[in-house]
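So the structure is just underneath, and the comments pick up after that.
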Amino acid sequence: MFSFATLAMSQAQSNAADLQGVVRDPRGAVISGATVTARNTATNLSRSATTDGDGVYQLISLPPGDYEVTAEAPGFSKARIPSVTLTVGQKADLEVPMAIGAVTETVTVTTRPPPLRVRSTKRASRICRLTNAAPRALRSRFQPWDVTTAGRLARRRLRV
């Protein structure tokens, strides 16, 4: 029974590849907490891992093929290695260098804006109707208001 389990494990290992490595900054220091993703370019299958305190990541049992490897970490530009070929049974070691990037920040506002101050236009429209009903001679001489094209009242000086 032990030999059957060993045979099954060795066969499973031989049909896949492993990808591991270290993520480093420009000075060579390790980056912990970086997310490393390997995407199979033929099948679009993606697998991700997060680097540990030593900057090490491990992606185990990947199907053989061509992969695009990316790494992302806060404060760093996204690193991209466009072509990594993995073969059956391979244990590939890939160091991923990352460049220091600009800090980006997204602010999401979750509160509602204050309500708009709405004023009633009933009084203004009533004044407009009464003004327009008066004869033009009386309106222009004694009425200090003129109706503008937008329907608003504009104050003007009285001529006496």
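Long-range amide H contacts for A16: which residues qualify at under 5 Å (H placed 1.01 Å from N, peptide plane, sequence gap of 5 or more or a different chain)?
Long-range HN contacts for A16: G89.
Roughly speaking, what % of Cα-Cα pairs in the stretch 8-97 are separated by over 21 Å, rounded to a whole number?
On the way: 1136 of 4005 pairs.
Considering the stretch 8-97, 28 percent of its Cα-Cα pairs are separated by more than 21 Å.
Each label point is 7 Å from the Cα along the Cα-to-Cβ direction; what then is the distance between the points at R80 and D93, in nm?
With each label placed 7 Å out from Cα toward Cβ, I get 2.8 nm.
Around L94, which amide H atoms from residues at least 5 apart in sequence, or from another chain, sit under 5 Å from its own amide H, with H modelled in the peptide plane?
Q20, G21, V22
When a footprinting reagent is the concern and you count Cβ atoms within 10 Å, what order do R27, R39, R80 take, fewest first?
R27, R80, R39
Ranked by Cβ crowding within 10 angstrom, fewest neighbours first, how are R24, R47 ordered? Could you put the intermediate results ahead of the total?
On the way: R24 19, R47 16.
Final ranking by Cβ density, sparse to dense: R47, R24.
Could you give the length gained on full extension between S32 and T50, defined as 0.36 nm per residue of separation minus the Cα-Cα distance, in nm? Walk me through the numbers before you get to the answer.
Details: separation 18, 0.36 × 18 = 6.48 nm, distance 0.79 nm.
Full-extension gain reported as 5.7 nm.
Quick query: amide H of T41 versus all other amide H atoms, modeled in the peptide plane; which residues come in under 5 Å with a sequence gap of 5 or more or a different chain?
Here the answer is D66, Y67, E68, since their amide H atoms fall under 5 Å of that of T41.
Quick check on the exposure proxy: order V96, V23 from fewest to most C-beta atoms within 10 angstrom.
Final ranking by Cβ density, sparse to dense: V96, V23.
Readers should treat all values here as calculations from the given coordinates under stated rules, not as data from a laboratory. In this text the structure is predicted, and so the values were computed from the model without any measurement. Reconstructed Cβ throughout: ideal geometry from the backbone, glycine too, with neighbour counts over all protein chains shown.
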